[in-house]
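The values are calculated or read from the model by the stated rules, or taken from the named source; none is laboratory data. Since this is a predicted model, take the numbers as computed values, not measurements. Here Cβ is always computed from backbone atoms with ideal geometry, including for glycine, and neighbour counts include all displayed protein chains. These area figures cover heavy atoms from the full protein model, side chains too; ligands, DNA and RNA do not enter into them. Shrake-Rupley method; radii C 1.70, N 1.55, O 1.52, S 1.80 Å.
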Amino acid sequence: MTMPRPGSAFLLAQIGAHAAARFADRIGELGVVPSDVGLLRMIATQPGRSQQSLSEEMGVVPSRVVALIDNLERKGLVERRRNPSDRRHYELHLTEAGSHVMTEMRRLGMAHENDICAALDDKQRVRLKELLEAIAAQQGLTSGVHPGYR
């Protein structure tokens, strides 16, 4: 009796776990973990954003974001600045070290993408991305936000 071939959901999970582990290994040299990178990217794309806006976009309680930002601040990658129009709130900004990590992340991210998708030609890569985006949208996932923060 032959074993049935794995389904798409299994293959997505298998490749996702493999890709996540490889990614974590790659970025370890920068002193960060994948969750750090996601937050840094979110701050880099909207400098000055609030912890509250991160909490809302990520779909997590504000206290979770505070702990994550505290960690990035300890690593010297993010700084909180008082919001000049409302001193009760802080704006989040990358430090020089945080900007350097993001620059290196882009390089490592491209290498990772090329490694994981090496079996595909350019046309297949575009199609795969379109298909995965369609699945993510149908599942109600927030674009660019990893559900692992929850």
(request) Would you check which residues across the range 39-84 are assigned to a helix (DSSP H, G or I), touching a Phe, Trp or Tyr at 6+ places or on another chain (Cβ under 8 Å) and under 16 Å from residue 97 (Cα atoms) and list them? (result) none
(request) Evaluate the range 117-125: report whether one residue or more is touching a Ser or Thr at 6+ places or on another chain (Cβ under 6 Å) and assigned to a helix (DSSP H, G or I). (result) no
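Taking the range 70-85, which residues are of a type outside the set (S, T, N, Q) and open to solvent by less than 40 Å² (accessible area, probe 1.4 Å)?
Let us first name the residues in the range 70-85 that are of a type outside the set (S, T, N, Q), namely 70, 72-82, 84.
Within the range 70-85, 72, 76, 77, 78 qualify.
Within the range 1-19, track down each residue that is open to solvent by 50 Å² or more (accessible area, probe 1.4 Å) and assigned to a helix (DSSP H, G or I). It would help to see each step written out before you state the result.
Keep residues of the range 1-19 that are open to solvent by 50 Å² or more (accessible area, probe 1.4 Å), which gives 1-6, 8-15, 17-18.
Matches in the range 1-19: 8, 9, 10, 11, 12, 13, 14, 15, 17, 18.
For the range 44-54, give me each residue that is touching a residue at least 12 places away in the same chain (Cβ under 8 Å) and over 20 Å from residue 33 (Cβ atoms). Even if it seems obvious, please write down each step before you answer.
The first filter runs over the range 44-54 and keeps only residues touching a residue at least 12 places away in the same chain (Cβ under 8 Å), leaving 44, 47-52, 54.
Residues satisfying the conditions are 47, 48, 49, 50, 52.
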(request) Quick one: which residue in 133, 96 is open to solvent by 50 Å² or more (accessible area, probe 1.4 Å), within 16 Å of residue 32 (Cα to Cα) and of a type outside the set (A, V, I, L, M)? (result) 96
(request) Take residue 17 and decide whether it is free of Cβ contacts under 8 Å to residues at least 12 places away in the same chain, under 22 Å from residue 103 (Cα atoms) and among the aliphatic types (A, V, I, L, M). (result) no
(message) Considering only the range 73-81, I want to know if a residue exists there that is more than 19 Å from residue 30 (Cα to Cα) and not β-branched (Val, Ile, Thr).
(response) yes
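Residue check: is residue 121 in contact (Cβ under 8 Å) with a residue 60 or more places away in the chain and either open to solvent by 50 Å² or more (accessible area, probe 1.4 Å) or under 30 Å from residue 50 (Cα atoms) (or both)?
Working: in contact (Cβ under 8 Å) with a residue 60 or more places away in the chain: no; either open to solvent by 50 Å² or more (accessible area, probe 1.4 Å) or under 30 Å from residue 50 (Cα atoms) (or both): yes.
Here the answer is no, as residue 121 does not meet what is asked.
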(message) Conditions first: (1) under 26 Å from residue 141 (Cβ atoms); (2) touching a Pro at 6+ places or on another chain (Cβ under 9 Å); (3) in contact (Cβ under 8 Å) with a residue 40 or more places away in the chain. Residue 57 passes all but one, so which condition is the exception?
(response) (2)
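In the range 20-47, what count of residues is obtained for those that are open to solvent by less than 20 Å² (accessible area, probe 1.4 Å) and among the small types (Gly, Ala, Ser)?
As a first pass, look at the range 20-47 and keep what is open to solvent by less than 20 Å² (accessible area, probe 1.4 Å): 27, 32, 36-40, 42-43.
When the remaining residues are screened for being among the small types (Gly, Ala, Ser), the result is 38.
Qualifying residue count, the range 20-47: 1.
Check 110, 58, 105 and return the single one that is surrounded by fewer than 11 Cβ atoms within 10 Å (Cβ to Cβ) and under 30 Å from residue 14 (Cα atoms). Working first, answer last.
Numbers: 58 fails: surrounded by fewer than 11 Cβ atoms within 10 Å (Cβ to Cβ); 105 fails: surrounded by fewer than 11 Cβ atoms within 10 Å (Cβ to Cβ).
Exactly one residue qualifies, and that residue is 110.
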